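The values are calculated or read from the model by the stated rules, or taken from the named source; none is laboratory data. In this text the structure is predicted, and so the values were computed from the model without any measurement. Counting neighbours? That spans all protein chains shown, and the Cβs are built from the backbone with ideal geometry, glycine included. Accessible surface areas use protein heavy atoms only, side chains included; no ligands, DNA or RNA. Shrake-Rupley method; radii C 1.70, N 1.55, O 1.52, S 1.80 Å.
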Amino acid sequence: MRRVLILGATSPIARALAREFANHGARLYLAARDGAEVERIAEDIRVRAGVEAHAGTFDATGFESHREFTANAARTLDGLDGVVVAFGTLGDEERAHTDASAALATVSQNFTGAVSLLTVVAERLEAERRGFIIVLASVAGDRGRARNYVYGSAKGALALFAQGLRARLANAGVRVLTVKLGTVDTRMTWGREGVLFTISPEAAAAAIFEAWKRGREVVYVPRVWRPIMLAMKMIPERWFKRVKF
Ligand SMILES: NC(=O)c1ccc[n+]([C@@H]2O[C@H](COP(=O)([O-])OP(=O)(O)OC[C@H]3O[C@@H](n4cnc5c(N)ncnc54)[C@H](OP(=O)(O)O)[C@@H]3O)[C@@H](O)[C@H]2O)c1
(Lines give C-alpha, C1' and ligand atoms only; values in the text may rest on other atoms or scores of the structure.)
Protein backbone atom coordinates (compact mmCIF):
# COMPACT_ATOMS: atom_id res chain seq x y z
CA MET A 1 0.00 0.00 0.00
CA ARG A 2 1.32 3.44 -0.91
CA ARG A 3 1.82 6.25 1.56
CA VAL A 4 1.48 9.59 -0.19
CA LEU A 5 2.07 13.15 1.04
CA ILE A 6 0.10 15.77 -0.91
CA LEU A 7 1.05 19.43 -0.47
CA GLY A 8 -1.34 22.14 -1.61
CA ALA A 9 -4.12 19.67 -0.84
CA THR A 10 -6.89 22.30 -0.89
CA SER A 11 -6.29 22.77 -4.62
CA PRO A 12 -9.20 21.14 -6.50
CA ILE A 13 -6.64 19.38 -8.72
CA ALA A 14 -4.77 18.01 -5.69
CA ARG A 15 -8.02 17.05 -4.04
CA ALA A 16 -9.16 15.08 -7.10
CA LEU A 17 -5.72 13.48 -7.33
CA ALA A 18 -5.92 12.54 -3.65
CA ARG A 19 -9.21 10.79 -4.42
CA GLU A 20 -7.54 8.89 -7.29
CA PHE A 21 -4.81 7.65 -4.95
CA ALA A 22 -7.34 6.88 -2.20
CA ASN A 23 -9.54 4.89 -4.57
CA HIS A 24 -6.46 2.78 -5.32
CA GLY A 25 -5.91 2.10 -1.62
CA ALA A 26 -3.22 4.68 -0.83
CA ARG A 27 -2.86 6.15 2.66
CA LEU A 28 -2.64 9.92 2.58
CA TYR A 29 -1.19 12.87 4.44
CA LEU A 30 -2.74 16.07 3.10
CA ALA A 31 -1.48 19.56 3.87
CA ALA A 32 -1.82 23.23 2.93
CA ARG A 33 -1.93 26.51 4.89
CA ASP A 34 -5.67 26.27 5.58
CA GLY A 35 -5.61 23.40 8.06
CA ALA A 36 -9.38 23.43 8.70
CA GLU A 37 -10.16 23.04 5.00
CA VAL A 38 -7.55 20.27 4.70
CA GLU A 39 -9.23 18.44 7.60
CA ARG A 40 -12.61 18.66 5.81
CA ILE A 41 -11.03 17.21 2.65
CA ALA A 42 -9.31 14.43 4.62
CA GLU A 43 -12.61 13.55 6.35
CA ASP A 44 -14.39 13.43 2.98
CA ILE A 45 -11.75 11.04 1.63
CA ARG A 46 -11.86 8.83 4.74
CA VAL A 47 -15.64 8.51 4.40
CA ARG A 48 -15.80 8.01 0.64
CA ALA A 49 -12.76 5.81 0.07
CA GLY A 50 -12.46 4.17 3.49
CA VAL A 51 -8.70 4.82 3.65
CA GLU A 52 -6.46 6.52 6.18
CA ALA A 53 -6.22 10.26 5.39
CA HIS A 54 -4.42 12.64 7.76
CA ALA A 55 -4.49 16.42 7.67
CA GLY A 56 -1.73 18.89 8.49
CA THR A 57 -0.74 22.49 7.93
CA PHE A 58 2.15 23.41 5.70
CA ASP A 59 3.54 26.73 4.48
CA ALA A 60 5.78 26.51 1.45
CA THR A 61 7.55 29.71 2.49
CA GLY A 62 8.30 28.46 6.03
CA PHE A 63 11.53 26.86 4.83
CA GLU A 64 12.93 26.13 8.29
CA SER A 65 9.87 23.98 9.11
CA HIS A 66 10.14 21.67 6.09
CA ARG A 67 12.42 19.02 7.59
CA GLU A 68 10.36 18.57 10.76
CA PHE A 69 7.11 18.74 8.77
CA THR A 70 8.26 15.95 6.42
CA ALA A 71 9.55 13.80 9.27
CA ASN A 72 6.22 14.19 11.07
CA ALA A 73 4.20 13.26 7.96
CA ALA A 74 6.41 10.19 7.42
CA ARG A 75 6.04 9.19 11.08
CA THR A 76 2.26 9.53 10.85
CA LEU A 77 2.08 7.39 7.70
CA ASP A 78 4.73 5.00 8.99
CA GLY A 79 6.94 5.81 5.99
CA LEU A 80 6.68 7.70 2.74
CA ASP A 81 6.41 6.36 -0.82
CA GLY A 82 5.46 9.48 -2.72
CA VAL A 83 5.09 13.24 -2.58
CA VAL A 84 2.87 15.48 -4.70
CA VAL A 85 3.84 19.15 -4.93
CA ALA A 86 0.63 20.94 -5.89
CA PHE A 87 1.03 24.22 -4.01
CA GLY A 88 1.40 27.44 -5.91
CA THR A 89 -0.15 30.84 -6.47
CA LEU A 90 -0.55 33.17 -9.41
CA GLY A 91 0.13 36.05 -7.04
CA ASP A 92 -0.58 39.61 -8.09
CA GLU A 93 1.25 39.54 -11.40
CA GLU A 94 0.62 43.18 -12.26
CA ARG A 95 1.95 44.34 -8.89
CA ALA A 96 4.89 41.96 -9.20
CA HIS A 97 5.99 43.82 -12.33
CA THR A 98 6.90 46.88 -10.26
CA ASP A 99 7.07 45.63 -6.66
CA ALA A 100 10.03 43.38 -5.93
CA SER A 101 8.52 41.98 -2.73
CA ALA A 102 5.40 40.84 -4.64
CA ALA A 103 7.62 39.25 -7.29
CA LEU A 104 9.68 37.45 -4.64
CA ALA A 105 6.51 36.22 -2.90
CA THR A 106 5.35 34.61 -6.16
CA VAL A 107 8.77 33.03 -6.66
CA SER A 108 8.95 31.62 -3.15
CA GLN A 109 5.39 30.26 -3.18
CA ASN A 110 5.93 28.50 -6.50
CA PHE A 111 9.65 27.78 -6.69
CA THR A 112 11.88 28.39 -3.66
CA GLY A 113 9.37 26.68 -1.34
CA ALA A 114 9.33 23.65 -3.62
CA VAL A 115 13.14 23.59 -3.78
CA SER A 116 13.34 23.58 0.01
CA LEU A 117 10.69 20.88 0.46
CA LEU A 118 11.88 18.67 -2.39
CA THR A 119 15.48 18.77 -1.18
CA VAL A 120 14.36 17.30 2.14
CA VAL A 121 12.03 14.79 0.46
CA ALA A 122 14.63 13.70 -2.11
CA GLU A 123 17.17 12.93 0.61
CA ARG A 124 14.64 10.68 2.34
CA LEU A 125 13.46 8.83 -0.81
CA GLU A 126 17.01 8.47 -2.12
CA ALA A 127 18.09 6.82 1.14
CA GLU A 128 15.21 4.36 0.84
CA ARG A 129 16.03 3.81 -2.86
CA ARG A 130 12.42 3.95 -4.02
CA GLY A 131 9.43 6.25 -4.28
CA PHE A 132 8.07 8.99 -6.47
CA ILE A 133 7.59 12.73 -6.72
CA ILE A 134 4.90 14.49 -8.77
CA VAL A 135 5.43 18.19 -9.47
CA LEU A 136 2.65 20.42 -10.82
CA ALA A 137 4.35 22.88 -13.16
CA SER A 138 2.74 24.95 -15.91
CA VAL A 139 2.80 25.63 -19.62
CA ALA A 140 3.45 29.21 -18.47
CA GLY A 141 6.96 28.02 -17.61
CA ASP A 142 7.82 27.10 -21.19
CA ARG A 143 8.17 30.64 -22.48
CA GLY A 144 8.36 34.05 -20.82
CA ARG A 145 5.33 36.15 -21.66
CA ALA A 146 4.74 39.85 -20.96
CA ARG A 147 1.57 39.11 -19.00
CA ASN A 148 2.77 36.46 -16.55
CA TYR A 149 6.55 36.15 -16.63
CA VAL A 150 7.01 36.27 -12.85
CA TYR A 151 4.73 33.27 -12.24
CA GLY A 152 5.96 31.71 -15.50
CA SER A 153 9.62 31.99 -14.56
CA ALA A 154 8.95 30.39 -11.16
CA LYS A 155 7.13 27.49 -12.82
CA GLY A 156 9.80 27.18 -15.52
CA ALA A 157 12.51 27.04 -12.84
CA LEU A 158 10.46 24.43 -10.98
CA ALA A 159 10.29 22.25 -14.11
CA LEU A 160 14.06 22.59 -14.57
CA PHE A 161 14.66 21.69 -10.93
CA ALA A 162 12.41 18.63 -11.30
CA GLN A 163 14.30 17.63 -14.45
CA GLY A 164 17.62 17.73 -12.59
CA LEU A 165 16.15 15.89 -9.62
CA ARG A 166 14.83 13.18 -11.97
CA ALA A 167 18.33 12.71 -13.40
CA ARG A 168 19.93 12.64 -9.94
CA LEU A 169 17.42 10.20 -8.46
CA ALA A 170 17.13 7.87 -11.47
CA ASN A 171 19.77 5.45 -10.19
CA ALA A 172 18.17 5.39 -6.76
CA GLY A 173 14.90 4.11 -8.24
CA VAL A 174 13.00 7.28 -7.40
CA ARG A 175 10.71 8.52 -10.17
CA VAL A 176 9.95 12.19 -10.80
CA LEU A 177 6.92 13.20 -12.89
CA THR A 178 6.68 16.79 -14.14
CA VAL A 179 3.17 17.87 -15.09
CA LYS A 180 2.89 20.91 -17.34
CA LEU A 181 -0.69 22.00 -16.79
CA GLY A 182 -2.66 24.12 -19.20
CA THR A 183 -5.76 25.90 -17.91
CA VAL A 184 -7.69 24.05 -15.23
CA ASP A 185 -10.97 25.38 -13.87
CA THR A 186 -10.00 26.35 -10.29
CA ARG A 187 -10.02 29.52 -8.15
CA MET A 188 -6.62 30.32 -9.66
CA THR A 189 -8.09 30.84 -13.12
CA TRP A 190 -11.62 31.88 -12.18
CA GLY A 191 -12.77 34.94 -14.12
CA ARG A 192 -9.61 35.19 -16.24
CA GLU A 193 -10.13 36.20 -19.84
CA GLY A 194 -8.64 34.65 -22.95
CA VAL A 195 -8.08 31.18 -21.47
CA LEU A 196 -8.01 28.21 -23.86
CA PHE A 197 -8.82 24.50 -23.60
CA THR A 198 -9.96 24.72 -19.99
CA ILE A 199 -10.44 21.33 -18.33
CA SER A 200 -11.96 20.32 -15.00
CA PRO A 201 -9.80 19.49 -11.96
CA GLU A 202 -11.13 15.91 -12.13
CA ALA A 203 -10.03 15.53 -15.77
CA ALA A 204 -6.62 16.97 -14.89
CA ALA A 205 -6.24 14.60 -11.93
CA ALA A 206 -7.27 11.57 -14.01
CA ALA A 207 -4.64 12.45 -16.65
CA ILE A 208 -1.97 13.00 -13.99
CA PHE A 209 -2.79 9.71 -12.28
CA GLU A 210 -2.68 7.87 -15.60
CA ALA A 211 0.70 9.44 -16.45
CA TRP A 212 2.02 8.42 -13.03
CA LYS A 213 0.75 4.84 -13.50
CA ARG A 214 2.46 4.64 -16.88
CA GLY A 215 5.75 5.87 -15.45
CA ARG A 216 5.84 8.99 -17.62
CA GLU A 217 8.42 11.68 -16.88
CA VAL A 218 7.06 14.88 -18.41
CA VAL A 219 3.45 15.33 -19.50
CA TYR A 220 1.33 18.17 -20.81
CA VAL A 221 -2.22 18.16 -19.39
CA PRO A 222 -4.29 18.33 -21.51
CA ARG A 223 -2.09 16.91 -24.26
CA VAL A 224 -3.06 19.59 -26.78
CA TRP A 225 -0.57 21.92 -25.05
CA ARG A 226 2.42 19.90 -26.14
CA PRO A 227 2.27 20.87 -29.84
CA ILE A 228 1.11 24.37 -28.94
CA MET A 229 4.10 24.99 -26.69
CA LEU A 230 6.43 23.39 -29.21
CA ALA A 231 5.21 25.91 -31.78
CA MET A 232 5.31 28.79 -29.25
CA LYS A 233 8.93 28.03 -28.40
CA MET A 234 9.88 28.23 -32.08
CA ILE A 235 8.56 31.77 -32.63
CA PRO A 236 11.57 34.09 -32.93
CA GLU A 237 12.05 36.42 -29.98
CA ARG A 238 11.80 39.59 -32.08
CA TRP A 239 8.21 38.65 -33.06
CA PHE A 240 7.22 36.98 -29.82
CA LYS A 241 7.95 40.09 -27.72
CA ARG A 242 5.47 42.13 -29.76
CA VAL A 243 2.55 39.85 -28.96
CA LYS A 244 1.03 41.13 -25.71
CA PHE A 245 -0.54 38.04 -24.18
N1 LIG B 1 -5.43 26.11 -12.52
C2 LIG B 1 -4.61 26.18 -13.55
O3 LIG B 1 -5.02 26.51 -14.67
C4 LIG B 1 -3.15 25.82 -13.40
C5 LIG B 1 -2.35 25.90 -14.54
C6 LIG B 1 -1.01 25.57 -14.45
C7 LIG B 1 -0.49 25.16 -13.23
N8 LIG B 1 -1.29 25.12 -12.12
C9 LIG B 1 -0.68 24.72 -10.85
O10 LIG B 1 -1.44 23.69 -10.23
C11 LIG B 1 -1.30 23.79 -8.81
C12 LIG B 1 -2.68 23.81 -8.19
O13 LIG B 1 -3.33 25.01 -8.58
P14 LIG B 1 -4.90 25.29 -8.54
O15 LIG B 1 -5.28 25.81 -9.85
O16 LIG B 1 -5.61 24.12 -8.01
O17 LIG B 1 -4.94 26.51 -7.55
P18 LIG B 1 -5.55 26.72 -6.10
O19 LIG B 1 -6.91 26.19 -5.99
O20 LIG B 1 -5.31 28.16 -5.79
O21 LIG B 1 -4.61 25.81 -5.17
C22 LIG B 1 -3.33 26.20 -4.78
C23 LIG B 1 -2.90 25.36 -3.62
O24 LIG B 1 -1.63 25.84 -3.15
C25 LIG B 1 -1.72 26.05 -1.74
N26 LIG B 1 -0.79 27.10 -1.39
C27 LIG B 1 -0.69 28.35 -1.90
N28 LIG B 1 0.31 29.00 -1.31
C29 LIG B 1 0.84 28.15 -0.40
C30 LIG B 1 1.90 28.25 0.52
N31 LIG B 1 2.64 29.36 0.67
N32 LIG B 1 2.19 27.17 1.29
C33 LIG B 1 1.47 26.05 1.17
N34 LIG B 1 0.46 25.88 0.31
C35 LIG B 1 0.15 26.93 -0.46
C36 LIG B 1 -3.19 26.39 -1.51
O37 LIG B 1 -3.63 26.11 -0.21
P38 LIG B 1 -3.73 27.14 1.00
O39 LIG B 1 -4.17 28.46 0.42
O40 LIG B 1 -4.67 26.54 1.97
O41 LIG B 1 -2.35 27.14 1.54
C42 LIG B 1 -3.85 25.41 -2.44
O43 LIG B 1 -3.91 24.15 -1.83
C44 LIG B 1 -0.49 25.07 -8.54
O45 LIG B 1 0.86 24.72 -8.35
C46 LIG B 1 -0.64 25.85 -9.83
O47 LIG B 1 0.45 26.72 -10.05
C48 LIG B 1 -2.61 25.45 -12.17
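Some points to look at:
- Over the stretch 1-85: Kirkwood hydrodynamic radius from C-alpha pairwise inverse distances, Å: 12.4 Å
- Summed over the residues of the chain and divided among them, the accessible surface reaches 49 Å² per residue at a probe radius of 1.4 Å.
- Cα gyration tensor shape of the chain, rounded if a/c is under 1.5, else prolate or oblate by comparing a/b with b/c: prolate
- Surface composition of the chain: carbon and sulfur atoms hold 53% of the protein heavy-atom accessible area at a 1.4 Å probe.
- Kirkwood Rh, Cα atoms: Rg over Rh of the stretch 163-245: 1.05
- Ordering 196, 176, 186 by Cα displacement along the dipole of the stretch 107-245 toward the positive end leaves 196 in first place; charges were set at the Cβ atoms of Lys, Arg (+1) and Asp, Glu (-1).
- For the chain: lysine pairs under 19 Å (alpha-carbon distance), excluding those fewer than 8 apart on one chain: 6
- Of the GluC sites (Glu not before Pro) in the stretch 170-242, those whose Cβ has at most 16 other Cβ within 10 Å and which sit in DSSP loop: 193, 217
- For the chain, a crude dipole built from +1 on the beta carbon of Lys and Arg and -1 on the beta carbon of Asp and Glu, taken about the Cα centre, is about 1000 debye to the nearest 20.
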